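What follows is a single structure, written as structure tokens, with notes after it.
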Amino acid sequence: MNFDPEFLRACVESAWMIVAMPFLVGFGIILSYLFGGLKLGEKRSFKTAAMMASIIAVAWGFFHSCFIFEALRSNPSYSFQENFDFFTCQNFKLSVGFLVDNLATMMLIVVTTISLFVQVYTHGYMREDPGYARFYAYLSLFTGSMLGLVVSTNMFQMYAFWELVGVCSYFLIGFWWYKDSAAAACMKAFVVNRVGDFLFLVGVIMLLLATKDFWGGGTVMAFAAQHGSAGVDLAGALHRALEAGTLKPELALAASSMPLMAILIFGGPIAKSAQFPLHVWLPDAMEGPTPISALIHAATMVAAGIYLVARAYPIFLAPNGGTDSIALAFVAVIGTITAVMAATIAMSQNDIKRVLAWSTCSQLGYMMAGLGVGAFSAGLFHLFTHAFFKAMLFLGSGAVIIGCHHEQDIRKMGGLRKIMPFTAITFLIGTLSISGFPFLSGWFSKDEIVAAAMHYNPVIGWILIATAGLTAFYMFRLYFTVFEGQYRGDHKAHEVTPVMWLPLVCLAVPSIFAGGLLGFTKEAFLEGGKAANAWSKFVYFNHPHIEGVDWTVLGVSTVVALGGIAFAYLMYVVKSITWNKSIVESNNIIYRFSLNKWYFDDLYGAMVNKGILPLFNNTWKFMDTVIIDNIVNGASLVTSASGEVLKYTQTGRGQYYALVIFMWVALLTWIIYIASPFA
Amino acid sequence: MDNALLLKFLLFLPLVAAIVIAVNPSKDDKDARGLAIFVSSVMVLLSLVIGAGLEGHYGGMQFSTVQHWIASPFPINFHIGVDGLSMSLVVLTTVITLMAVLASYSIKTRVKLYYANVMLLTFSLLGVFVSQDLLQFFVMYEFELIPMYFLIAIWGGPRRGYAAMKFLLYTFFGGVLMLAALLYTYTQLYAMDPAAATFNMTQLSASSHALPVHAQVIACLGFFLAFIIKLPSVPFHTWLPDAHVEAPTPISMILAGLLLKMGSYGLVRICMGFFPAFFAEYGPWVLALGAINILWGAVACLVQKDMKRIIAFSSVSHMGFILLGIGSLSNAAVNGAIFQMLSHGFISALLFFMVGCVYERCHTRLLPEIGGGLAFQMPILFYFWMFACMANLGLPALSGFVGEVTIFYGAYTSPFATSSLHGAWTQGWIVAACVSVILTAGYMLWLLKRLFYGPEQPKWKGHLYDATMTEKFVATTLCALTLLFGVAPHLLTNMYSKVGDRITSEVLNRIQISQTDTTTKPNL
């Protein structure tokens, strides 16, 4: 299909509408709720209107994004941004705006697609819930915030929308606020994210300090230079700062250290993308309704961390532009630790959503590791494919939960394949894809990361391969326990309505084909040559990455993954291996370590409840109520006490006053006499 | 219409209204309330009209009225006028006063006296913000004590006597220091050049720069202490939680929303504007004090059990941002600090109003007694509470964020942060202050959780009711303003930034002078 270039250009230049529409819808619903009274929220027509408005806004965004993609695809060097002043004073300016380039377009498509399917699915999932319209409002607000984050032109705007997606996540995790667990989870999510935001903030102000004179009058901390203006992009400003010496290439505890700055900025992604050691909020976030888990805590918001690292990639690079920097090594190590840690935890969990949450955590570790080892395109490719199959898996788990009457414990499921065929088949596709089954989406993207990691550092490479085996194992443990064998629940299970399984089927298509379509090249795969695949021709840093296929790594990793599947099959379907039972029964340290999530929650809980809060309490009581108030009250006590004493001098007798006056005069005369020079 | 006349009218309207309300013969309390609402609404309109008339001339003093009164031995004049900074605070005052008057529906005793006192309070607040004569400023600043004392002592909670006296003594102590500093400034100027001695604030903002460094430091210290007691700043902050806890809801709104701003306004207008040498010398110390405030307020919030105390301490924490901003002397941070005072005016008024709404229903402020689950009974108030908490913890798109982020960005790139002498010190305190983004989120969300989240408490079942129309109106107005200024901060910055820019650049020039001048060494 060929489109009018003018039309495509207009689409790009009006990209702000994609962001604005969900915001308007979200605010509209909430305002009508507030002023139309709560009764309005129960009306069928209002619910339908809220649902339709939300879905139309995001569907618009989806088609608009597709046109933007077409505009950028047909004109490879094209990008567009527009900035508006947000805060100005004499010599300081903060801007917000929207930037449309390849990276942003890719994320726009991911976010709008997933959000669209999730919103359709929500109609089925939340149908009975009294907060149906409110839920759509939050969904729209989240979608708007996430899209705003995606099109951010500079670090300040990114930080702002970063917080906004965080708060939407807070609202949605705590959607069922009357549940104690949800109340605790949403607060935990926000506060843990704020820990990351603190580091992010410090990193950003360091960046500002180092580069403040080098933006050439353009937008401060801009990601990309504006066409036809004096503005400078991030890489350019950093380069100038390094030359001027306000930024130093070595790691040091100083505001001018570039690696320190990068690591601090990475603090934000550590929290947002649930990386070790700030991953603790993500599993608890599963207290939110399942569509949220799919949209926010699997596909989009948690990927914002990956997106930020990709956007701010120049900060992470070595001064010569190489990927062998300290900061990227840090990213790679954190990503690898997260991948393997989350995978070991996922093996022993029994809540269907929590297994998926840990697997999300682990896959985000892969993406981080990918960016860290310098595989920019591969890391984002995995973000892309993972978004589809993980959203599908979560929506599938939601269907299972509904089908089993709000049961989340996989020990009370089983045999659902016959009862819920659509859910089962899509879930199987997702499981195969995430496990790295050949020719499915996950296989292409994950193995690109693993191959790059192997070249970067064999230790990281082997850890990631081993993790792929663990992933295949725990995902199939989940699949077999839920869908094979005998049904073990108390209530009769049923298949969900088409409005819920249709989005699953739709998402299954990219879960199968996206990897092959974008990741396969004839030259690389069949002819042994080197070539850039369709994906890395569109999403790349500086220049498209040209890579051959490392069949050894690919083969080993595929074999390990298939081994994991086979192991799970023998253990949970054939039941010829019974180690699982003996491990659970022996309750040994390794099992407990995994079951208790490496004891991070206990550690942090103790730190806050036994360490920080008592410390604050005691310090505050000591300072404010003991020291300061005692000084204040003491001062007033001295005043009133001296008043008490002195009041006895007020006798009211004339001769007494005359005596006092006489004595004072005598005293003063005597003093003057002593002190006078005439004496 | 003549704007100078309107400004005079605006200033004296609440004074007249106070008398009229007090002596009106009607026995019906509703008349007093109606009259107060009417007068406050008129004041809002007047302030907007005057503000509109100021358009384009935000930098200089406008609409001045000078009435000579006593010429000798001191020239004492009645002198009022507004520039962008004063005007934005005047608008804040009229809006918050209207909101507070509307929120006073819970006052049932001695209503006429109450509204008369509120009007007197407004008069003194407006007087502080429009005074252009230092003595008049001082009188207005001190006059506020009288109505405030009675408002706390008559309509307050159980420990109102203690709280009102504590408030009075603390502030009075500051007032004495200010009087001393004011006279000291005058005599020093007189000693330098009898013709330069004046109480005219516009002239002072130029002539007092010529004072020697030690004289500026001594004079500024007096003003500084007076203002940070009002602000309040650690270690002079303990009057604030007591006063807030005991004060009735609308008075808390005025106290947090407006009274504290007198301190921060004074810091910018007088301390920074008159005595740049003080900031050139001790800026990093002021910044450190700000950081300590931010952290100390936040730490105190985390250990309180009384919801009103939490909000009170969070005010201490948020006013610390202002100290941090002005101490850094960065153009962005000083403007951010002014933004923060305006934004905090709206947000803290909203929060205290929200606290009042819950107290009105539950008759307790203690979180363990409330026990959570209030969202069942008050879903609409839950929304407003969420909004207020988010505004307070600095959520982007709400006004609190703009202040915080510009202060952090500005302070970290300030001349002190890059100087070899104070760089590490300044940067260290700013990074420490950044920890507050975690602590603030912690205490605000914990508060929200302990109030609204969780299962329904049987004791509240059927006893509580949701927001009334008045409550919705007040809360919505304040929320809307917070959102408006968070999304379009230029609506506010346009008004005051010329003044902020001018004051900062004067201080920065001073730093350059003192750096080239080898005789004055910074004392750090």
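The values are calculated or read from the model by the stated rules, or taken from the named source; none is laboratory data. Small disclaimer: the values here were computed from a predicted structure and weren't measured. Every residue, glycine among them, receives a Cβ derived from its backbone with ideal geometry; neighbour counts consider all protein chains shown. Only protein heavy atoms, including side chains, enter the accessible area calculation; ligands, DNA and RNA are left aside. Shrake-Rupley method; radii C 1.70, N 1.55, O 1.52, S 1.80 Å.
Going by what's in this entry, would A:SER140 be described as hydroxyl-bearing (Ser, Thr, Tyr) and under 30 Å from B:SER330 (Cβ atoms)? No, not satisfied. For segment B:148-175, filtering for residues that are within 14 Å of chain A (Cβ to nearest Cβ) and either at pLDDT 90 or above or not in a loop (DSSP other than H, G, I, E, B) (or both) leaves 14. Scanning segment A:417-439 for residues that are more than 20 Å from A:TRP358 (Cα to Cα) and surrounded by fewer than 24 Cβ atoms within 10 Å (Cβ to Cβ) yields A:ARG417, A:LYS418, A:ILE419, A:PRO421, A:PHE422, A:ALA424, A:ILE425, A:PRO438, A:PHE439. So in segment B:200-222, with the set limited to residues that are free of Cβ contacts under 8 Å to residues at least 60 places away in the same chain, open to solvent by less than 20 Å² (accessible area, probe 1.4 Å) and more than 20 Å from B:LEU168 (Cβ to Cβ), which one is nearest to the chain's Cα centre (by Cα)? It comes out as B:CYS220. Being free of Cβ contacts under 8 Å to residues at least 60 places away in the same chain and either within 14 Å of chain A (Cβ to nearest Cβ) or of a type in the set (Lys, Arg) (or both) is a description that applies to B:VAL303.
Every condition in (1) touching a Phe, Trp or Tyr at 6+ places or on another chain (Cβ under 7 Å); (2) surrounded by 23 or more Cβ atoms within 10 Å (Cβ to Cβ); (3) of a type in the set (A, V, I, L, M, F, W, C) is met by A:LEU234 except one, and the failing one is (2). Cβ-Cβ contacts under 7 Å between residues 6 or more apart (or on different chains), taken from a first residue in segment B:85-112 that is at positive phi to a second residue that is among the aliphatic types (A, V, I, L, M), are listed as B:ARG110/B:ILE154.
Do we have any residue at all in segment A:599-611 that's in a helix (DSSP H, G or I), in contact (Cβ under 8 Å) with a residue 24 or more places away in the chain and more than 27 Å from A:VAL195 (Cα to Cα)?
Scanning segment A:599-611, I find no residue that is in a helix (DSSP H, G or I), in contact (Cβ under 8 Å) with a residue 24 or more places away in the chain and more than 27 Å from A:VAL195 (Cα to Cα), so the answer is no.
For A:TRP579, the conditions (1) of a type in the set (A, V, I, L, M, F, W, C); (2) crowded, with 17+ Cβ neighbours inside 10 Å; (3) without any contact (Cβ under 8 Å) to a residue 12 or more places away in the chain are fulfilled apart from (2). Is there a residue in segment A:485-496 that is in a helix (DSSP H, G or I) and either in the same structural domain as A:ILE419 (by TED's automatic domain parsing) or open to solvent by less than 20 Å² (accessible area, probe 1.4 Å) (or both)? Within segment A:485-496 (the criterion being in a helix (DSSP H, G or I) and either in the same structural domain as A:ILE419 (by TED's automatic domain parsing) or open to solvent by less than 20 Å² (accessible area, probe 1.4 Å) (or both)), the answer is no, since none of the residues qualifies. Would it be correct to say that A:VAL165 is within 12 Å of another protein chain (Cβ to nearest Cβ), modelled with pLDDT of 90 or more and assigned to a strand (DSSP E or B)? So A:VAL165 fails the test.
Of B:PRO415, B:PRO379, B:PRO396, all but one fail to be open to solvent by 10 Å² or more (accessible area, probe 1.4 Å) and either more than 25 Å from B:ALA288 (Cα to Cα) or among the small types (Gly, Ala, Ser) (or both); the exception is B:PRO379.
Are any of the residues in segment A:181-191 under 21 Å from B:THR406 (Cα atoms), assigned to a helix (DSSP H, G or I), open to solvent by less than 10 Å² (accessible area, probe 1.4 Å) and facing chain B (nearest Cβ under 9 Å)? No, every residue in segment A:181-191 fails to be under 21 Å from B:THR406 (Cα atoms), assigned to a helix (DSSP H, G or I), open to solvent by less than 10 Å² (accessible area, probe 1.4 Å) and facing chain B (nearest Cβ under 9 Å). Counting the residues of segment A:15-49 that are among the hydroxyl-bearing types (Ser, Thr, Tyr) and buried (at least 16 other Cβ atoms within 10 Å of the Cβ) gives 2. When segment B:30-87 is filtered for residues that are hydrophobic (A, V, I, L, M, F, W, C), within 26 Å of the chain's Cα centre (by Cα), open to solvent by 40 Å² or more (accessible area, probe 1.4 Å) and under 13 Å from B:VAL130 (Cβ atoms), the ones remaining, listed by number, are B:MET61, B:PHE78. Annotation note: of B:LEU342, B:LEU350, B:LEU323, the sole residue that is within 14 Å of another protein chain (Cβ to nearest Cβ), in a helix (DSSP H, G or I), in contact with a helix residue (DSSP H, G or I) (Cβ under 8 Å, 6 or more places away or on another chain) and not small (Gly, Ala, Ser) is B:LEU342. Can you spot a residue in segment B:430-441 that is under 25 Å from A:SER181 (Cβ atoms) and in contact (Cβ under 8 Å) with a residue 60 or more places away in the chain? Looking through segment B:430-441, at least one residue is under 25 Å from A:SER181 (Cβ atoms) and in contact (Cβ under 8 Å) with a residue 60 or more places away in the chain. Across segment A:642-666, the number of residues qualifying as closer than 24 Å to B:LYS166 by Cβ and either touching a strand residue (DSSP E or B) at 6+ places or on another chain (Cβ under 8 Å) or surrounded by 11 or more Cβ atoms within 10 Å (Cβ to Cβ) (or both) comes to 0.
Could you list, in sequence order, the residues of segment A:338-397 that are among the aliphatic types (A, V, I, L, M) and either open to solvent by 10 Å² or more (accessible area, probe 1.4 Å) or not in a helix (DSSP H, G or I) (or both)? Of everything in segment A:338-397, those that are among the aliphatic types (A, V, I, L, M) and either open to solvent by 10 Å² or more (accessible area, probe 1.4 Å) or not in a helix (DSSP H, G or I) (or both) turn out to be A:VAL340, A:MET347, A:VAL373, A:ALA375. Within segment A:207-215, does at least one residue satisfy the condition of being within 12 Å of chain B (Cβ to nearest Cβ) and closer than 20 Å to A:ALA304 by Cβ? Checked against the condition, which is being within 12 Å of chain B (Cβ to nearest Cβ) and closer than 20 Å to A:ALA304 by Cβ, segment A:207-215 yields at least one hit. Looking at A:PHE198, is it more than 30 Å from B:CYS389 (Cα to Cα), within 14 Å of another protein chain (Cβ to nearest Cβ) and open to solvent by 10 Å² or more (accessible area, probe 1.4 Å)? So A:PHE198 does not fit the description; no.
Residues that are touching a Ser or Thr at 6+ places or on another chain (Cβ under 7 Å) and either modelled with pLDDT of 90 or more or assigned by TED's automatic domain parsing to the domain that holds A:VAL496 (or both) occur in segment A:67-81; there is at least one. Candidates are the residues of segment A:545-574 that are at pLDDT below 80 and not aliphatic (A, V, I, L, M); the one that is nearest to the chain's Cα centre (by Cα) is A:HIS545. Of all residues in segment A:398-409, those satisfying the criterion of being surrounded by fewer than 24 Cβ atoms within 10 Å (Cβ to Cβ) and in a helix (DSSP H, G or I) are A:ILE401, A:ILE402, A:GLY403.
Name the single residue that is nearest to the chain's Cα centre (by Cα) among those in segment A:582-602 being hydrophobic (A, V, I, L, M, F, W, C) and exposed (fewer than 13 other Cβ atoms within 10 Å of the Cβ).
The residue in question is A:ILE590.
Among the helices (runs of 4 or more DSSP H) confined to segment A:1-65, the ones with at least 1 residues that are over 26 Å from A:GLY97 (Cβ atoms) are located at A:16-36, A:38-42.
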